[in-house]
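K.L.:
One structure follows; several queries about it will come next.
The values are calculated or read from the model by the stated rules, or taken from the named source; none is laboratory data. Bear in mind that the values here come from a model prediction, so they are computed numbers and not experimental data. Cβ placement follows ideal geometry from the backbone for every residue including glycine, while neighbour counts extend to all protein chains displayed. What goes into the accessible areas is simple: the full protein's heavy atoms, side chains included, and nothing from ligands, DNA or RNA. Shrake-Rupley method; radii C 1.70, N 1.55, O 1.52, S 1.80 Å.
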Amino acid sequence: VQLQASGGGLVQAGDSLRLSCAASGFTFSDYGMGWFRQATGKEREFVAAVTWSGGSTYYSDSVKGRFTISRDNARNTVYLQMNSLKPEDTALYYCAAATFGAATLRSLEEYDYWGQGTQVTVSS
């Protein structure tokens, strides 16, 4: 199983970035997918999730209205479009594949597989 996140970088406040996570080694279309982030000195936190079909999406309050999660099951890829970035969005961003039947997709404990992370740094 491999989850390869990419697309991070250094941007200014108000800019946009699109993260991608390419999955392999499992049946991608069977799994809910999520993005989490971890800032230096803080715990990893939920950012966004999408169900296996892409029919439902979930967001943390801090990113709702600015970030959009989507997936392409034909490409085994999940995306996170991040607009209106703020300095407080600075973190290492991880993609993850959820346990089959996960109830909320918001808890770290619901995820089986994790990628290596991609750094997003937003300057003010």
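K.L.:
How many residues are closer than 19 Å to GLY8 by Cα, in a loop (DSSP other than H, G, I, E, B) and either under 13 Å from the mean Cα position of the chain (by Cα) or at pLDDT below 95 (or both) if we restrict to segment 37-63?
P.N.:
Counting residues in segment 37-63 that are closer than 19 Å to GLY8 by Cα, in a loop (DSSP other than H, G, I, E, B) and either under 13 Å from the mean Cα position of the chain (by Cα) or at pLDDT below 95 (or both) gives 2.
K.L.:
Moving on. Out of all the residues in segment 20-30, which are touching a residue at least 40 places away in the same chain (Cβ under 8 Å) and surrounded by fewer than 24 Cβ atoms within 10 Å (Cβ to Cβ)? Steps first, please.
P.N.:
Looking only at segment 20-30, we keep the residues that are touching a residue at least 40 places away in the same chain (Cβ under 8 Å), and these are 20-24, 26, 28-30.
Residues satisfying the conditions are SER20, ALA22, SER24, PHE26, PHE28, SER29, ASP30.
K.L.:
If we keep just the residues of segment 67-104 that are closer than 22 Å to GLN38 by Cβ, assigned to a loop (DSSP other than H, G, I, E, B) and at pLDDT 95 or above, which is least open to solvent (accessible area, probe 1.4 Å)?
P.N.:
Here the residue is LEU85.
K.L.:
List, please: which pairs have Cβ atoms under 6 Å, are six or more places apart or on different chains, and start with a residue in segment 91-108 that is farther than 15 Å from PHE28 by Cα and in contact (Cβ under 8 Å) with a residue 24 or more places away in the chain and end with one that is among the basic types (Lys, Arg) and assigned to a strand (DSSP E or B)?
P.N.:
Cβ pairs passing all conditions: ALA91/ARG37; TYR93/ARG37.
K.L.:
A follow-up question, please. Out of all the residues in segment 1-36, which are in a loop (DSSP other than H, G, I, E, B), of a type outside the set (Phe, Trp, Tyr) and closer than 25 Å to ALA103 by Cα?
P.N.:
Passing the criteria: VAL1, GLY25, THR27, GLY32.
K.L.:
Among the residues of segment 109-118, is any of a type in the set (S, T, N, Q), surrounded by 14 or more Cβ atoms within 10 Å (Cβ to Cβ), part of a loop (DSSP other than H, G, I, E, B) and touching a strand residue (DSSP E or B) at 6+ places or on another chain (Cβ under 8 Å)?
P.N.:
No, that holds for no residue.
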